[in-house]
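Please read the structure below before turning to the comments.
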Amino acid sequence: MLKGIPNIITPELLKILMEMGHGDELVIGDGNLPGQSMGKRCVRCDGHGVPELLRAILKLFPLDTYEKPVFIMEKVPGDDVETPIWDTFDEIVKQHTNEKIEKLERFEFYERAKKAYAVVMTGETSLYACMIIKKGILTEDY
């Protein structure tokens, strides 16, 4: 155990967050994302939701300030499913950046996810609850 690290962050995930450099991207996938087949590195965090994991990660992970730092998967045209989790994402992200969350078309999201440094799979059951976050740099403020 270490001080100051949220207990939801597994040792494997902590190692990945430490290895990542500026501009590297991390996918946080809901339970439906085909994450195992997408990423070179896939960490399982089953039993946890995307919001709680996002909160924990962002305590340790600086978001990029040079490019758009957060992306979510856009709903498929014609899919009228509700996405209240997006409001939760907005609330969490606003605590760490003034940038708006960008939406990516489903297959554009998948292609970007395949290039990400790692994929974190959750047990999230909300639909369209996948996101990509881009790592920034640490400044003297940290």
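Computed values, structure above
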| item | result |
| --- | --- |
| Selection from segment 1-21 of residues that are assigned to a loop (DSSP other than H, G, I, E, B) and open to solvent by 50 Å² or more (accessible area, probe 1.4 Å) | 1, 2, 3, 4, 7 |
| Test result for residue 66, touching a helix residue (DSSP H, G or I) at 6+ places or on another chain (Cβ under 9 Å) and aromatic (Phe, Trp, Tyr) | no |
| Single condition residue 41 does not satisfy, out of (1) in contact with a helix residue (DSSP H, G or I) (Cβ under 8 Å, 6 or more places away or on another chain); (2) open to solvent by 10 Å² or more (accessible area, probe 1.4 Å); (3) within 14 Å of residue 119 (Cα to Cα); (4) modelled with pLDDT of 95 or more | (4) |
| Any chance residue 32 is farther than 18 Å from residue 8 by Cα, touching a Cys at 6+ places or on another chain (Cβ under 9 Å) and either open to solvent by 80 Å² or more (accessible area, probe 1.4 Å) or among the aliphatic types (A, V, I, L, M) (or both) | yes |
| Criterion: touching a residue at least 12 places away in the same chain (Cβ under 8 Å), open to solvent by 20 Å² or more (accessible area, probe 1.4 Å) and touching a Gly at 6+ places or on another chain (Cβ under 8 Å) - qualifying residue of 64, 46, 24 | 46 |
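The values are calculated or read from the model by the stated rules, or taken from the named source; none is laboratory data. These numbers were taken from a predicted model, which means no experiment stands behind them. Neighbour counts are summed over all protein chains in view; Cβ atoms, including those assigned to glycine, are modelled from backbone coordinates with ideal geometry. Remember, those area values only see protein heavy atoms, side chains included, never the ligands or the DNA or RNA. Shrake-Rupley method; radii C 1.70, N 1.55, O 1.52, S 1.80 Å.
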